[in-house]
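One structure below.
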């Protein structure tokens, strides 16, 4: 049932009395124990309470990569993009790259060969330089090259490996780069150069007119080169070969019959090895040569070649021997001393 006003007042006054009594008790307790409350706390007791608390293990986080710290804090690169350091290209590296790609034939032109068949190391050549910018230090003395010499700087990595009737063989410091052969720009057998005799000079004929002379024919004692792949057989060499051809063939060269790899048929005489300094080497015979024909007559064995030469000794004054080596064919011409 709802309370009336009198009852409500009694209830409020009762609650107020209870609160008043509680507040009084609290104040009395505070006043009575004020001295105790003002005293300092016991440090040992506090330390014991703190040490009694169970330690909580702090979970460790993974380490941050130093590169990220360096990028974000040292380089102040907060974009996260990787900074690519430019590669420094040295001029020496550029020169090295250029010099290994230039063909020697673009640097020099061979004007004359002096081939010593008895001593290949004593051969020499005269050259001219096509590009002065590639060899700015070249002097007139550098136009005469001997076996073992190098081109002027900065092409000093190119050296003369050998000088043969084919041309000047150049080698390189880079062992992986193959040899390059630069042939003379003047073909001797075409009549633009004429050998006029022993002890004489080599004349250049610019107008194509070959000079004539009443002097006796040039007859050297030893076989002499008179052009590219062209030899004048010496009188002494011819006499020696006529009497000792069998010993020369067996001692100077090692040969065998050559088979055509496609048909399996014998198609020439293969020169397996040539003794250094031998008579055969002085006549232009090289290891790897395959003799295919003599004056147009195909030969497939050494006996067949010898038989043809002896049978036709009085018929020909010039002998043309077709030779194949590593897929390249050349014709070697021998002129009789008679």
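Rule-based calculations on the coordinates, nothing more; no lab input. Since the structure is predicted, the reported quantities are computational estimates derived from the model, not experimental observations. All Cβ positions, glycine included, derive from the backbone under ideal geometry; neighbour counts span all protein chains shown.
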Span from the the range 249-301 Cα centroid across to the the range 312-338 one, whole angstrom: 13
Translational diffusion coefficient (Stokes-Einstein; Kirkwood radius from C-alpha pairs) of the range 103-182 at 37 °C, 0.692 mPa s, in µm²/s: 261
FRET E, pair residue 153, residue 130, Förster distance 25 Å, beta-carbon r, rounded to 0.05: 0.90
C-alpha center-to-center spacing [the range 124-143, the range 106-121] in angstrom: 15
